[in-house]
Amino acid sequence: MIEQYFPNGIGHYLAGGLMIGAAVGLLFITTGLKGGMSTVFSSTWSFVSKTPFFQQARFTESRLWRLTVAAGLILGGFAWMLITGSGTWQTTIPWWRLLVGGFLVGFGARLSNGCTSGHGICGLASFQMPSLLAVLTFLVTGIVTAQLIARIGGM
Amino acid sequence: MNPIQLIWALISGALFGFGLSLSTMTHPEVVLSFLRFTDFGLLMVLGGAVIVATLCYQLAPRLLAKPLFGSVWGKYPSELNMRTIGGAAIFGIGWGISGVCPGPAIAGLGSGNWPLFLVVLAIFAGAWVQGRFFGH
């Protein structure tokens, strides 16, 4: 039963999840800041784009800490690789799926004002009903899309 | 934003990136195996993260007058409208195509998952088109 639904075990999933929650909590307890990982993809444009949308205070006033969190993400991935000695590993998902999927992820998350970490972790932990609906929506469209691609022979 | 806060932002981000790597969320193949119902590990990751984050978000403002190195407790405002739901639907389609979302796309670069650089560029492009032509 467990093996059927969790062929790779549960431990590392749960430990990683608890760590991610602790990271979100630590940022809040130390600085009072809440935020997922998609806003940095808009706020960083405020450094170079004069488009009024990107020059809003919510982006210009948060761009520095959001970029710092993003730098931390890279550092954390690097630390994990060093500590576990796992070496590098590269995805084999075709490049065009990474590009097309990534574009829709960026467009959709910013239109929705949240992603898996924004709506999924920060929104749910803040008891935001719109975030719960957003999470259910992207779970449904994500599952349908992935299953359709598998059906037509994709990975 | 003072330097102490930025240091905590860096530490929090590093812990986040470590957790994403440990839970193999930086592997698009693992995310897709959840969406295809062959490995439900992602639910453990999301569930574990939400439980701890909820405890922190709900308890900290009741126990402390203000953040340890800040002045106000922030909010996560989300609005119920077509942008929130329609955007989430589009996000999910992209997630199902690539197996990548914003956090893992960034964190994966730290452990040398170089193809994710394409995703990061594409997310930046998508975010620009959204802000430039559909900004609100």
| said: With 18 Å as the cut-off, how large is the P(r) tail for chain A, expressed as percent of Cα-Cα pairs? | reply: 70 percent
| By the gyration tensor of its Cα atoms, with a ≥ b ≥ c the square roots of the eigenvalues, what is the shape of the range A:100-155: rounded for a/c under 1.5, prolate for a/b over b/c, or oblate? | prolate
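How much of the calculated P(r) for the range B:47-98 lies past 19 Å, in percent of all Cα pairs? List each step's numbers first, then the result.
Working: 734 of 1326 pairs.
Cα-Cα pairs in the range B:47-98 separated by more than 19 Å: 55 percent.
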| said: Less than 12 Å Cβ to Cβ from A:GLY114, Lys/Arg counted +1 and Asp/Glu -1: what total charge do the surrounding residues give? | reply: +2
| task | Treating only the Cβ atoms of Lys and Arg (+1) and Asp and Glu (-1) as charged, compute the dipole magnitude of chain A about its Cα centre; round to the nearest 20 debye. | result | 400 debye
| task | Answer with one residue from B:ALA49, B:ALA105, B:GLY135: the one whose Cα lies farthest towards the positive end of the charge dipole of the range B:35-136, charges on Cβ with Lys, Arg +1 and Asp, Glu -1. | result | B:GLY135
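For the range B:24-127, state which trypsin sites (Lys or Arg not before Pro) are in a DSSP loop and have at most 12 other beta carbons lying within 10 Å of their beta carbon.
On the way: sites: B:ARG36, B:ARG62, B:LYS75, B:ARG83; in loops: B:ARG36, B:LYS75.
In loop regions of the range B:24-127 (DSSP not H, G, I, E or B), the sparsely surrounded trypsin sites (Lys or Arg not before Pro) are B:LYS75.
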| Which shape class applies to the protein assembly as shown: rounded if a/c is under 1.5, otherwise prolate when a/b exceeds b/c and oblate if not, where a ≥ b ≥ c are the square roots of the Cα gyration tensor eigenvalues? | rounded
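What size of dipole, in debye to the nearest 20, comes out for chain B about its Cα centre when the only charges are +1 on Lys and Arg C-beta atoms and -1 on Asp and Glu C-beta atoms? Can you show the working numbers first?
Values: 6 positive and 3 negative charges, 76 e Å.
Computed charge dipole of chain B: roughly 360 debye.
Quick note: the coordinates plus some simple rules give every number you see, no bench work behind them. Note that the coordinates shown come from a computational prediction; the quantities given were computed from them, not determined experimentally. Cβ sites come from the backbone with ideal geometry, for glycine too, and all protein chains shown count toward neighbours.
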